[in-house]
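Right, one structure below, let's go through it.
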Amino acid sequence: MRIGIDLGGTNIVVGIVTNEGDIVLKKSTPTLASRSSLVIIEDMVNLIYKTLEVSNISIDDIELIGIGVPGLVDYKSGIIKECVNLGWKNVDICKILKEKTGKRIFIENDANAAAGGEYLFGTMKNHLNSVFLTLGTGVGGGIILNGKLYRGKNGAAAEIGHMTVGENFYNCACGNNGCFETFTSATGIIKYAKKLINENPQDTLILKKVNGLDQIDAKIIFDSAKQGDKLANLVVERFVKYFSIGICNILNILDVTMIGIGGGVSAAGEFFMELLLNDIKKHKLFKEIPVCYIKIATLGNDAGIIGAAMLDKL
Ligand SMILES: [Zn+2]
């Protein structure tokens, strides 16, 4: 048995995971991120023991604890270098957790951990060279090379969301313009739909489904496009165009056999997948090479917890 933890800006989720990658039980608590790192880590420790108690499992039966962190980590020293969501810098989380639990503690960037989960037990299984993209509020990425997570020199590799793929009408949260995530995240899709609606007020199904622009989400946009709405289809076309540019870049650099797509936006995969594959076929460099597998991830929100619990294998 192992423990995988997802340390999010909104919630901390602790999961007990079997060696076969199945989650026995998950429990969560609000992060309340404005509090100090020490208090939040204390909550994490309490949640670990609470989850064990409810599952009737002793800490002695736990092999290791792994944590996925939304930021830059030094996986070797176990220090969280920077985590903007939580306002943390240089937090030695592994030392504290080791003292409180007596276990081996591993940390990794959350998208990397999710990539590891999908590689070991999900859609990327057996794809020794593969890439995971998670399209949610932002876009996270993880790269598996030769069966191992590719972390780079500083643990900063696979920030695929911040690859520049064009020029956009708004800047990325990182300060640059044209980042992949500003075109393909749920946030980017919603912003573009709102821009079109504001510029050119027209009859769109999107407006019939909401009371005010603030209620527009990615699902409403994709559903409206599916129903043939013109404006929603313009949004989807743009999304597909830049998604395809990003994937062609990844393939040109890494020539992987599989790209797994997770996150909230992937729920619309059935609708956009064919459009995406057709666009990639048109723009990829070597036309005679078939497009790699591009598949919707299968582990959903659990990928990060499962991957975190398996960090010794990644
Ligand atoms: Zn960026």
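The values are calculated or read from the model by the stated rules, or taken from the named source; none is laboratory data. These numbers come from a predicted model, not from an experiment. Backbone-built Cβ (ideal geometry, glycine too); neighbour counts: all protein chains shown. These area figures cover heavy atoms from the full protein model, side chains too; ligands, DNA and RNA do not enter into them. Shrake-Rupley method; radii C 1.70, N 1.55, O 1.52, S 1.80 Å.
Below are the figures for this structure:
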item: All strands (runs of 3 or more DSSP E) inside region 1-40 with 1 or more residues being free of Cβ contacts under 8 Å to residues at least 40 places away in the same chain; result: 11-17, 23-30
item: Members of region 59-96 found to be in a loop (DSSP other than H, G, I, E, B), out of contact with any helix residue (DSSP H, G or I) (no Cβ under 7 Å at 6 or more places or on another chain) and within 11 Å of N109 (Cα to Cα), listed by number; result: G71, Y75
item: Residue in region 163-175 that is open to solvent by 30 Å² or more (accessible area, probe 1.4 Å), assigned by TED's automatic domain parsing to the domain that holds R238 and at pLDDT below 95 present; result: yes
item: Cβ pairs under 7 Å, 6+ apart, first in region 191-212 and touching a residue at least 40 places away in the same chain (Cβ under 8 Å), second in a loop (DSSP other than H, G, I, E, B) and surrounded by fewer than 10 Cβ atoms within 10 Å (Cβ to Cβ); result: none
item: Search result, residues across region 104-135 that are in a strand (DSSP E or B) and touching a Lys or Arg at 6+ places or on another chain (Cβ under 9 Å); result: R104, I105, E108, N109
item: Breaking point among (1) modelled with pLDDT of 95 or more; (2) within 23 Å of G66 (Cβ to Cβ), for C292; result: (2)
item: Answer from G155, G161 - the residue that is touching a strand residue (DSSP E or B) at 6+ places or on another chain (Cβ under 6 Å), touching a residue at least 60 places away in the same chain (Cβ under 8 Å) and either more than 16 Å from the ligand (Cβ to nearest atom) or in a helix (DSSP H, G or I) (or both); result: G155
item: Of all residues making up region 136-152, the number that are part of a loop (DSSP other than H, G, I, E, B) and near the ligand (Cβ under 10 Å from one of its atoms); result: 1
item: Residues within region 41-58 that are in a helix (DSSP H, G or I) and open to solvent by 20 Å² or more (accessible area, probe 1.4 Å), tallied; result: 8
item: All helices (runs of 4 or more DSSP H) inside region 228-314 with 2 or more residues being open to solvent by 60 Å² or more (accessible area, probe 1.4 Å) and in contact (Cβ under 8 Å) with a residue 24 or more places away in the chain; result: 230-254, 269-283
item: Test: residue in region 186-197 that is under 30 Å from L128 (Cα atoms), surrounded by 13 or more Cβ atoms within 10 Å (Cβ to Cβ) and either in the same structural domain as L276 (by TED's automatic domain parsing) or within 16 Å of the ligand (Cβ to nearest atom) (or both); result: yes
item: Members of region 11-40 found to be open to solvent by 30 Å² or more (accessible area, probe 1.4 Å), farther than 25 Å from D61 by Cα and within 20 Å of the chain's Cα centre (by Cα), listed by number; result: N11, P30
